[in-house]
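Comments concern the structure below.
Each reported figure results from applying straightforward, stated rules to the coordinates on display, with no laboratory input. What you are looking at is a predicted structure, and each value in this text was computed from that prediction instead of being measured. Ideal geometry is used to build each Cβ from the backbone, glycine not excepted, and the neighbour counts take in all protein chains shown.
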Amino acid sequence: MHEAEFAQRWAMTVTSQRPLEIAVAGGHLADDLAFVFIAGYQAAVRACFAIDDPGWVAYAVSERRDSAATDGPSSRVQLDLQSQTLNGVKSWVAAVEHITQLVIKVGDGGQAQYWRVATSAPGVSLETRSAVQFLAAMSQGSAEFQQTPADALTRLDALAARRFKFMEPLFIDIAFLAFVRTRAPGISQVDDLLTLGSVLVEADFSLPATAVQFATLDTGVQQVLIEFERLSATLPPENEMALPAAWAQDRALLSMYSKGIQQRAEAAG
């Protein structure tokens with residue numbers, strides 16, 4: 001399935017749900033880890049920023065700081081206080097071909113601001129990057145802002161952004177477990193892990209107990225990944241449980257957050 005088809009099916013079945021439901025429904029719908037990522041990512045953005053929008057939203061943070069870079073735009077996004085406009089470039093935007101909104105980070109650290117911008121707003125231009133290897137089924141690109149109006153009503157709570165580093169891997173794990181449950185219902189620990197994931201969605205991540213629970217979920221997801229791969233590896237490509245062609249590259253999605261999750265649990269212990 002291509003991203004356009006996934007987006008179309010999403011629009012018919014997943015929109016206007018709560019973040020947890022979005023992650024589960026999107027994971028059930030996905031046939032590729034790139035779409036598992038989209039499902040978890042969309043749930044995380046909504047959970048952090050209280051966004052209720054039927055379209056896809058990109059959380060645009062990455063910027064190229066080196067003005068001498070030759071492989072993409074380099075200017076950082078800044079807010080012009082006099083004109084109240086955004087100017088600059090975000091260098092990585094997920095699902096760039098199908099998003100309708102962006103959450104833009106402007107500045108660093110405690111001074112950072114967050115703005116919600118429609119892709120149809122004046123001065124917004126999106127560009128798709130070619131030859132992407134990781135999560136290649138998902139369109140990826142950049143967003144440029146040229147005197148794009150920053151309405152005070154679209155400024156978001158900066159404190160909410162602090163939860164994203166927890167919510168993104170959490171909802172990706174939930175979406176992956178839903179993806180596996182659709183294809184391999186015989187993997188028994190999936191339902192218990194989904195229950196734990198639903199508890200963590202409402203948890204306080206400043207508590208040591210939450211860090212330990214998150215590590216337990218992460219360990220379980222790694223075990224499910226291995227079991228799912230064992231069951232799927234020998235199946236013909238037309239079988240829905242067969243591993244997609246990009247699996248070898250994309251499986252890193254499920255371990256890229258593990259080190260941080262496990263370290264926080266060790267520190268909490």
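Skipping prolines and chain starts, which residues have an amide H placed within reach, meaning under 5 Å, of the one on residue 85, given they are 5 or more residues away or on another chain? Sorted by chain and number, the residues that satisfy this are 80, 150. For residue 259 and residue 78, the FRET efficiency from 1/(1 + (r/R0)^6), where r spans their Cβ atoms and R0 equals 35 Å, is about 0.60.
What the Cβ-Cβ distance of residue 31 and residue 118 gives, at R0 = 51 Å and to the nearest 0.05, is a FRET efficiency of 0.95. Summarising the overall dimensions of the stretch 51-156 from its C-alpha atoms, the Rg and Dmax are 13.4, 41 angstrom. Dipole orientation for the chain: of the candidates 84, 126, 164, 84 has the Cα lying most toward the positive pole (charges on Cβ; Lys, Arg +1; Asp, Glu -1). Principal axis extents of the Cα atoms in the stretch 85-239, from largest to smallest and rounded to whole angstrom, are 54, 43, 20. The phi-based Karplus calculation (6.51 cos²θ - 1.76 cosθ + 1.60; θ = phi - 60°) puts the 3J(HN,Hα) values of the stretch 167-183 at 5, 4, x, 4, 6, 5, 4, 4, 4, 5, 4, 5, 4, 5, 4, 5, 9 Hz, whole numbers, x for Gly and Pro. Adding -39500 (n - 2.57) for every DSSP H run of four residues or longer, then dividing by how many residues the chain holds, sets the calculated 222 nm ellipticity at -13500 deg cm²/dmol.
For residue 248 and residue 153, a Förster radius of 35 Å and the Cβ-Cβ distance give a FRET efficiency of 0.15, rounded to the nearest 0.05.
Do you know the relative contact order of the stretch 51-156, to the nearest whole percent, from alpha carbon pairs under 8 angstrom that are 6+ apart?
29
Each Lys and Arg adds +1 at its Cβ and each Asp and Glu adds -1 at its Cβ; summed about the Cα centre, the chain shows a dipole of about 500 debye. Sorted largest first, the principal axis extents computed over the alpha-carbon atoms of the stretch 181-263 equal 45, 24, 16 Å.
The phi-based Karplus calculation (6.51 cos²θ - 1.76 cosθ + 1.60; θ = phi - 60°) puts the 3J(HN,Hα) values of the stretch 6-20 at 4, 4, 5, 5, 4, 4, 8, 10, 10, 4, 6, 10, 6, x, 4 Hz, whole numbers, x for Gly and Pro. If you take the Cα centroid of the stretch 156-184 and the Cα centroid of the stretch 1-58, the two points sit 11 Å apart. Could you tell me which label, among (1) 15.7; (2) 17.3; (3) 14.8, carries the value of mean projected area of the Cα convex hull in nm² calculated for this structure? Structure-derived value, by its label: (3).
Each label point was placed 7 Å from the Cα along the Cα-to-Cβ direction; for residue 216 and residue 162 their separation is 2.5 nm.
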